[in-house]
Amino acid sequence: MVCNIQSAEWKTEKTIQKGSQIAFKANFLGRELAYVYEITEFQPGKKLVMKTSSGPFPMETIYTWEEIERDVTRMTLRNRGIPTGFSKLFSPFMSTMMKKANIKDLKKIKAILED
């Protein structure tokens, strides 16, 4: 298992808007991580940008949605960040590990949404 989000907790009002904060706990590379994402941009149905400046590596996550046809939407997920601390040792492999973790998480979300 590369990455597994264990929990997410709203730190601000439970509304997706610029400035909203969500605390996550996850396992990554056998370590427990805790970090807070802040929403820095939100365009409903089009784009969501979240950033974290604390935790093991500052990261930005960008989701975009594009309507392909009626009832068909393409979602794109992009992560950017610079590893620090223990994560810096794995820097050459981080992109591959994050991609595997994202694919796993997206499959789980898809299954939940389609149930």
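The values are calculated or read from the model by the stated rules, or taken from the named source; none is laboratory data. No experiment lies behind these values; they were computed from the predicted model shown. Counting neighbours? That spans all protein chains shown, and the Cβs are built from the backbone with ideal geometry, glycine included. Surface accessibility is based on the protein's heavy atoms, side chains included, excluding ligands, DNA and RNA. Shrake-Rupley method; radii C 1.70, N 1.55, O 1.52, S 1.80 Å.
Just give me the residues in the stretch 43-54 being buried (at least 17 other Cβ atoms within 10 Å of the Cβ) and under 13 Å from GLN21 (Cβ atoms), in sequence order.
Result: MET50, LYS51, THR52.
Within the stretch 15-42, which residues are small (Gly, Ala, Ser) and either touching a His at 6+ places or on another chain (Cβ under 6 Å) or loosely packed, with under 12 Cβ neighbours inside 10 Å (or both)? Spell out the reasoning first.
We begin by selecting, within the stretch 15-42, every residue small (Gly, Ala, Ser); these are 19-20, 23, 26, 30, 34.
Scanning the stretch 15-42 gives GLY19, GLY30.
Of everything in the stretch 55-68 that's under 19 Å from ASN4 (Cα atoms) and among the aromatic types (Phe, Trp, Tyr), which residue is surrounded by the most Cβ atoms within 10 Å (Cβ to Cβ)?
By that ranking, first place goes to PHE57.
Taking the stretch 37-63 as the region of interest, how many residues are of a type in the set (Lys, Arg) and assigned to a strand (DSSP E or B)?
Matching residues across the stretch 37-63 total 2.
How about the stretch 16-36: which of its residues are outside any loop (DSSP other than H, G, I, E, B) and among the hydroxyl-bearing types (Ser, Thr, Tyr)?
Within the stretch 16-36, just TYR35 meets the criteria.
Can you tell me which residues in the stretch 74-94 are open to solvent by 90 Å² or more (accessible area, probe 1.4 Å) and either β-branched (Val, Ile, Thr) or at pLDDT below 90 (or both)? Reasoning before the result, please.
Just the residues of the stretch 74-94 that are open to solvent by 90 Å² or more (accessible area, probe 1.4 Å), to begin with: 74, 78, 80, 82, 88-89, 92-93.
Across the stretch 74-94, the qualifying residues are ARG78, ARG80, ILE82, LYS88, LEU89, PRO92, PHE93.
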